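The values are calculated or read from the model by the stated rules, or taken from the named source; none is laboratory data. Source: prediction; values computed, not measured. Neighbour counts run over all protein chains shown; Cβ positions are idealised from the backbone, glycine included. Only protein heavy atoms, including side chains, enter the accessible area calculation; ligands, DNA and RNA are left aside. Shrake-Rupley method; radii C 1.70, N 1.55, O 1.52, S 1.80 Å.
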Amino acid sequence: GSLILEYEGTPEHFTGGGITNLFNDPVPIPNPAERAVRMALAVRERIGRMEENWAKRGYELGLGIGIAQGFATIGVIGFDGRWDYSAIGTVTNLASRLCGEAAGNEILIAQRVFAGVEPFVDVEPQQALTLKGFRRPVIAYRLRGLKP
């Protein structure tokens, strides 16, 4: 939670073992893709330090992160008796699918995110992923870290 706030993200909702964070909403911020990538790297580093202790206690945990950027419908969404502030749309589905594809300790970023952060990130070569709900393969990159 502290890392989300440090990078000016907004925790949107918690699902099972996951958290959906928004950047650039509800308050606009400069460089939302960069902040999301830097936060993801910080989270991966922090969780990595904790994994050894978890393993000693018999827990096998892994962290998979998916980052996408685009337009979404954002606001109070729901029905009478149940309202939430939320984001819906293709971009949220893409981030979720990338997260699902990410193996332990992997961060997958969508092509649009990569275009905005390319000057300062180190990634593996692009790959085309076949994702549920997307008619065509989606280009994604595995984020290694920041360039030296």
Quiz prompt | Under the Karplus curve 6.51 cos²θ - 1.76 cosθ + 1.60, θ = phi - 60°, whole-Hz ³J(HN,Hα) for the stretch 131-144, x wherever Gly or Pro sits | solution = 10, 4, x, 10, 5, 10, x, 9, 7, 9, 10, 8, 7, 7
Exercise. With a ≥ b ≥ c taken as the square roots of the eigenvalues of the C-alpha gyration tensor of the stretch 55-101, please select rounded if a/c is under 1.5 and otherwise prolate if a/b is larger than b/c or oblate if it is not?
Key: oblate
Quiz prompt | Surface accessible to a 1.4 Å probe, Lys56 within the full protein complex, Å² | solution = 150
Quiz prompt | Estimated FRET transfer efficiency when R0 is 25 angstrom, pair Asn31-Gln111 (beta carbons, to 0.05) | solution = 0.90
Quiz item: For a paramagnetic label modelled at 7 Å from the Cα of Glu6 toward its Cβ, which residues of the stretch 105-121 fall within the zone defined by backbone nitrogen distances under 15 Å?
Solution: none
Quiz item: With each label point set 7 Å from Cα along the Cα-Cβ vector, what nm distance links Ile77 and Leu129?
Solution: 1.9
Quiz item: Counting only residues 5 or more places away or on other chains, whose amide H sits under 5 Å from the amide H of Leu63 once H atoms are built in the peptide plane?
Solution: Asn105, Glu106
Quiz item: Between Leu129 and residues 5 or more places away or on another chain, which pairs have amide H atoms under 5 Å apart, with H built 1.01 Å from N, and which residues are they?
Solution: Val138, Ile139, Ala140
Exercise. Calculate one ³J(HN,Hα) per residue across the stretch 10-18 by plugging θ = phi - 60° into the Karplus curve 6.51 cos²θ - 1.76 cosθ + 1.60, and present them in order as whole Hz with x for glycine and proline.
Key: 10, x, 8, 6, 10, 9, x, x, x
Self-check item: Label corresponding to Cα Rg over 2.2 N^0.38 Å when calculated from the structure given, among [x] 1.48; [y] 1.34; [z] 1.07
Solution: [z]
Quiz item: Which whole-number value in Å² is the accessible area per residue of the chain, probe 1.4 Å?
Solution: 64
Quiz item: What does the charge add up to near Tyr7, with Lys and Arg as +1, Asp and Glu as -1, over the other residues with Cβ less than 10 Å from its Cβ?
Solution: -1
Quiz prompt | Within the stretch 4-148, percent of DSSP bridges classed antiparallel, to nearest 5 | solution = 85
